[in-house]
Amino acid sequence: MSFVGPLSGALVAGGVYYGFSNLIHTRTEQHRKDLHLLSVRLVETPNLVQAPPSAATRVQPHPLSTEVKAQWNREVENLFRGFQNLDKSVVDWGRSLLYGTSSQEMVEPKQTTGS
């Protein structure tokens, strides 16, 4: 009677193996059928898909907002150019203080005329 334990263990292991094997087989078949259905749908669908127009074509520009944005950009550009000119004038002022010449005089030396 000592063979009942291993026999019942083998029977339980066989049942578990059969259950998992059947589950894997069933899911594999279902995936295969789903993939086949998707590939058929992909091949048989028309090439031209009727999509709504893009958002860029649906948005109409407003003249007032465009003008406000352009004016803002001009103002910012003028502000930056002003700072650039200010920077150049500060550099010239510093040079004239330190060296007694401006950057224009350093770039274009004075021409002496011989008599």
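Eigenvalues of the Cα gyration tensor times 5, then square-rooted: what semi-axes does that give for region 28-71, in whole angstrom, largest first? Kindly include the intermediate steps, with their values, before the conclusion.
Details: eigenvalues 472, 32, 6 Å².
Its equivalent ellipsoid spans semi-axes of 49, 13, 6 Å.
Nearest 10 degrees, 0 to 90: what angle lies between the long axis of helix 4-44 and the longest principal axis of the chain (Cα atoms)?
Tilt relative to the chain: about 50 degrees.
Hey, if you put +1 on the Cβ of every Lys and Arg and -1 on every Asp and Glu Cβ in the chain, which of Ala10, His25, Phe83 ends up farthest toward the positive end of that dipole?
Ala10
Using a 10 angstrom cutoff on alpha carbons, build the Gaussian network for the chain and name the most mobile of Gln60, Gln71, Gln30.
Of Gln60, Gln71, Gln30, the Gaussian network model singles out Gln30 as fluctuating most.
When the chain is fully extended, how far beyond the present Cα-Cα distance does Phe83 get from Ser96, taking 0.36 nm per residue of separation? If you can, show how the numbers build up before the last one.
Numbers: separation 13, 0.36 × 13 = 4.68 nm, distance 1.97 nm.
Extra length from Phe83 to Ser96 when fully extended: 2.7 nm.
List, in order, the whole-Hz ³J(HN,Hα) value for each residue of region 66-77 obtained from phi through the Karplus relation with A = 6.51, B = -1.76, C = 1.60 and θ = phi - 60°; use x for Gly and Pro.
5, 5, 5, 5, 5, 5, 4, 5, 5, 5, 5, 4
Where the eigenvalues come from the Cα gyration tensor of the chain, what are the semi-axes √(5λ) of the equivalent ellipsoid, largest first, in whole Å?
Sorted largest first and rounded, they come to 88, 33, 16 Å.
Bear in mind that the values in this text are calculations on the coordinates, not laboratory data. The structure displayed is predicted, hence computed values, not measured ones. Reconstructed Cβ throughout: ideal geometry from the backbone, glycine too, with neighbour counts over all protein chains shown.
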